[in-house]
Amino acid sequence: MGKTVRDHLVDTLEELTQDGFKRFKTKLNVFPVKAGYSNIPRGQLEKADVLDVCDKLISFYLEKYAVEVTVEVLTAINERELADRLRKATGTGSGGEGHQPGPSDGATGKEEAHFVDRYRVQLIERTAPVEPILDLLHGDILDEEQYQTIRSGNTNQEKMRKLYLLMPSWNKKCKDRLYEALKAKNKFLIEDLEGN
């Protein structure tokens with residue numbers, strides 16, 4: 001399965017006209033979500049582009065429910081064809097279960113996205129504090145300059161974003177080290193994400 005849920009969401013929302021996307025965001029803000037979930041605040045949606053909205057959907061609702069919400073909202077704004085296409089592409093509502101592999105599940109022949117890539121949005125939003133994780137990576141993964149640059153972020157989210165900016169140049173071993181550091185210092189967050 002080459003495309004991630006996020007890719008499918010992005011592809012779908014990019015099909016909307018500007019007006020359609022605006023209607024989607026307005027509806028999304030007031031859409032009645034399941035108990036235990038909350039609506040994405042209007043202020044966060046107002047200026048958000050397609051990528052921002054997809055990140056918010058996944059961080060607020062996690063992958064499976066994010067697709068359900070998107071399908072329902074598209075249906076509500078009369079974009080049924082897009083809703084059907086997204087449902088088929090992700091296997092939602094047709095008996096197909098979304099797969100949830102472990103940190104890096106390469107057994108399928110195709111390299112599955114690494115845990116730290118798959119949960120990028122949640123890790124940026126929910127990792128706190130970030131310093132102990134940086135300390136574990138300092139030396140072998142992060143050099144002094146990178147370490148100081150990331151630490152200069154004002155919030156935990158900003159620090160995690162700076163850390164993720166370095167990631168395109170990382171190999172699997174570096175990502176594994178980050179995963180281990182997160183697990184050591186943020187055990188419950190990792191367990192929560194892996195349990196979904």
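The values are calculated or read from the model by the stated rules, or taken from the named source; none is laboratory data. These numbers were taken from a predicted model, which means no experiment stands behind them. Cβ sites come from the backbone with ideal geometry, for glycine too, and all protein chains shown count toward neighbours.
Tabulated data
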item	result
Count of residues meeting criterion [under 15 Å from residue 76 (Cβ atoms) and surrounded by fewer than 16 Cβ atoms within 10 Å (Cβ to Cβ)] in region 32-48	2
Of the criteria (1) under 18 Å from the mean Cα position of the chain (by Cα); (2) modelled with pLDDT under 90, which one residue 51 fails	(2)
Among the residues listed as 64, 56, the single one being surrounded by 14 or more Cβ atoms within 10 Å (Cβ to Cβ) and at pLDDT below 90	64
Meets criteria (free of Cβ contacts under 8 Å to residues at least 40 places away in the same chain, among the hydrophobic types (A, V, I, L, M, F, W, C) and surrounded by fewer than 18 Cβ atoms within 10 Å (Cβ to Cβ)) for residue 10	no
Pairs, first touching a residue at least 24 places away in the same chain (Cβ under 8 Å) in region 24-51, second in a loop (DSSP other than H, G, I, E, B) and of a type in the set (D, E, K, R), C-beta under 8 Å, six or more apart	24/79
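Yes or no, residue by residue, for (1) surrounded by fewer than 18 Cβ atoms within 10 Å (Cβ to Cβ); (2) among the polar types (S, T, N, Q); (3) in the same structural domain as residue 122 (by TED's automatic domain parsing):
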| site | (1), (2), (3) |
| --- | --- |
| 135 | yes, no, yes |
| 139 | yes, no, yes |
| 143 | yes, no, yes |
| 169 | yes, yes, yes |
| 190 | no, no, yes |
